[in-house]
Amino acid sequence: MRFLTPRKWPIRVRLGLIAGACGIALIALILTPRIPLAAGYHNFADERILLGLPYTLDVLSNVPFLIVGVWGILWLVLPGRLSFADQRERMPYLVFFAGVALTGLGSFWYHLSPSNSRLPWDLLPMTFCFVSMAVAVFMERVNVTAGLICLPPLLLLGAASVVEWYFSEIQGRGDYKFYLFVQFFSPVFLAFTVGLFPPRYSGLHYLTAAFGLFIAAKLFESFDRQIYLLFKVASGHSLKHVTAALSCYLILRSLQVRQVLAA
C-alpha cells in the first residue's frame with residue numbers, strides 16, 4: 001500500500017515532514033535546560049607519554065583524519081569525475097573533506113593538552129562535517145539549488161554553536177546543548193531525507209557501512225576508560241578517532257564507485 005512507501009508520497013507531504021521535524025527539534029532545543037560540558041570531559045583514559053609526546057595514541061590517532069581529508073579533496077578537484085550528475089554537488093563534499101582534514105589537525109592540537117581553550121579547534125571543523133554531509137544528501141535526493149543556498153548559513157550555524165559554547169563557558173554558564181543539537185540532529189535530518197526520497201546514485205552500501213562505523217565510534221568514545229582498562233592497548237577514544245576516519249573514507253569510496261541510477 002502507498003502509505004507504506006513514503007518515498008512515493010506527495011512531495012509536499014515529504015517536505016512537510018522534514019520541515020516539521022526541523023521545527024520540533026528547534027522547539028526542543030529552546031526548551032531544553034542548559035547542558036554544561038561533562039565534568040572530567042578532558043580527562044581521557046590513556047595518558048601515556050611515548051617518545052616525549054603526551055597522550056600519544058589519542059594524538060596520533062588523528063592522523064587518519066588528515067590523510068582521508070586531503071585524499072578526498074584531491075580526488076574531488078581532479079578533472080573527469082563522473083560521480084556527480086550536477087557538478088554543483090561537489091561543493092558540500094569539498095567542505096566535508098576539508099572539515100575532516102581540519103578535524104585531524106584540530107583534534108591533534110587539542111589532545112596534546114586537552115582544555116577548554118583548545119576544544120573549539122576540535123569541535124569547529126566537526127560541525128562542518130556534520131552539516132555538509134546532511135546538505136550533500138539533501139542536494140542529491142531533493143533539490144540541488146536549495147541545498148546549495150542553505151549550505152553557507154547552515155555552516156555558520158554550526159560554527160555559531162561552538163562559539164556560543166566557548167563564550168558561555170568563559171562567562172561561567174557554559175551551555176553545550178547547541179553544539180550537541182548540531183552534532184546529533186544532522187544525522188537525524190539525513191535519515192529523514194534518505195527515508196523519504198529515493199537515491200540518485202548507486203554505492204549506498206558504503207554509506208550504510210559509514211553510518212554504522214559512526215555509531216561504533218560514538219560507542220567507543222562513551223566507553224573510553226572501560227576499553228582501555230580491559231585491553232591496556234588503546235583507549236576507546238583512540239579507537240573512536242580511527243573508526244570515525246574509516247567512516248569518512250567509506251564516504252569517499254562511495255563517491256569513487258557510484259553511478260547515476262536510471263530514473
- [ ] Scan around Tyr201 for amide H atoms under 5 Å from its own, H built in the peptide plane at 1.01 Å from N, and keep only partners 5 or more places away or cross-chain.
- [x] Leu261
Task: Residue-wise HN-Hα coupling along the range 236-241, computed from phi with Karplus coefficients 6.51, -1.76, 1.60 (Hz; x: Gly, Pro) - done: x, 5, 4, 5, 4, 4
Task: Rounded FRET efficiency, nearest 0.05, which uses the C-beta distance separating Arg225 from Val188 and R0 of 30 Å - done: 0.60
- [ ] Quick one: P(r) of the chain from all Cα-Cα pairs, 10 Å bins, percents rounded to integers, in order of increasing distance.
- [x] 7, 28, 34, 22, 8, 1, 0
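Please label the shape of the range 33-83 as rounded, prolate or oblate, based on the square roots a ≥ b ≥ c of the eigenvalues of the alpha-carbon gyration tensor (a/c under 1.5 means rounded; beyond that, a/b larger than b/c means prolate, else oblate).
Numbers: a/c = 5.95, a/b = 1.67, b/c = 3.57.
Cα axes put the range 33-83 in the oblate bin.
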- [ ] Compute log10 of I(q)/I(0) for the range 180-263 with the Debye formula, placing one identical point scatterer on every Cα and leaving out solvent, at q = 0.14, 0.17, 0.19, 0.21 Å⁻¹, to two decimals.
- [x] -0.59, -0.78, -0.90, -1.00
TODO: Kindly report the accessible area of the chain per residue (heavy atoms of protein chains, probe 1.4 Å, no ligands, DNA or RNA), in Å².
DONE: 51
Task: Diffusion constant of the range 56-119 at 37 °C, which comes from Stokes-Einstein with the Kirkwood Cα-pair radius and 0.692 mPa s, µm²/s - done: 256
TODO: Relative to the compact-globule scaling 2.2 N^0.38 Å, provide the ratio for the alpha-carbon radius of gyration of the range 1-61.
DONE: 2.19
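In nm, what is the difference between 0.36 nm times the number of residues separating Phe167 and Arg34 and their Cα-Cα distance?
Between Phe167 and Arg34, full extension yields 46.5 nm more.
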Task: Nearest-0.05 FRET efficiency for Ala216 and Ala21, computed from C-beta distance (R0 25 Å) - done: 0.50
Open item on the list: Tell me whether the range 94-171 comes out rounded, prolate or oblate; compute the Cα gyration tensor, take square roots of the eigenvalues as a ≥ b ≥ c, and use a/c under 1.5 as the rounded threshold.
Closed with: oblate
TODO: Provide the three semi-axes, in whole Å and in decreasing order, of the ellipsoid equivalent to the range 108-246 as defined by the square roots of 5 times the Cα gyration tensor eigenvalues.
DONE: 28, 22, 11
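Can you compute the FRET efficiency between Leu157 and Arg88 using 1/(1 + (r/R0)^6), with r the Cβ-Cβ distance and R0 = 25 Å? Round to the nearest 0.05.
Efficiency, from the Cβ-Cβ distance: 0.75.
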Task: Helix-only CD estimate at 222 nm, as mean residue ellipticity for the chain, using -39500 (n - 2.57) per DSSP H run (n ≥ 4) - done: -23500 deg cm²/dmol
Task: Overall dimensions of the range 174-229 by Cα: Rg and Dmax, Å - done: 14.9, 45
Task: Chain lengthening between Ile149 and Val13 when straightened (0.36 nm per residue, less Cα-Cα) - done: 46.8 nm
Task: Nitroxide proxy distance, nm - points 7 Å out along Cα→Cβ at Val257 and Thr208 - done: 1.3
Open item on the list: With a 10 Å cut-off between alpha carbons and a GNM built on the chain, which of Gly172, Gly99, Gly72 moves the most?
Closed with: Gly172
Open item on the list: Computing the accessible area with a 1.4 Å probe over protein heavy atoms, can you report the carbon and sulfur percentage for the range 117-218?
Closed with: 77
Open item on the list: Heavy atoms of the protein only, probe of 1.4 Å, neighbouring chains included. What is the accessible area of Arg258 in Å², nearest 10?
Closed with: 20
- [ ] Please work out how much accessible surface Lys232 shows to a 1.4 Å probe, ignoring ligands, DNA and RNA, in Å² rounded to 10.
- [x] 120
Open item on the list: Two decimals, Cα atoms only, Kirkwood Rh: what is Rg/Rh over the range 18-150?
Closed with: 1.07
TODO: Express the carbon and sulfur contribution to the solvent-accessible surface of the range 1-110 as a percent, rounded to the nearest whole number, probe 1.4 angstrom.
DONE: 75
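The values are calculated or read from the model by the stated rules, or taken from the named source; none is laboratory data. It should be emphasised that the depicted structure is a prediction, and the values quoted were computed from it without experimental measurement. Counting neighbours? That spans all protein chains shown, and the Cβs are built from the backbone with ideal geometry, glycine included. Ligands, DNA and RNA are excluded from the accessible area calculation, which covers all protein heavy atoms including side chains. Shrake-Rupley method; radii C 1.70, N 1.55, O 1.52, S 1.80 Å.
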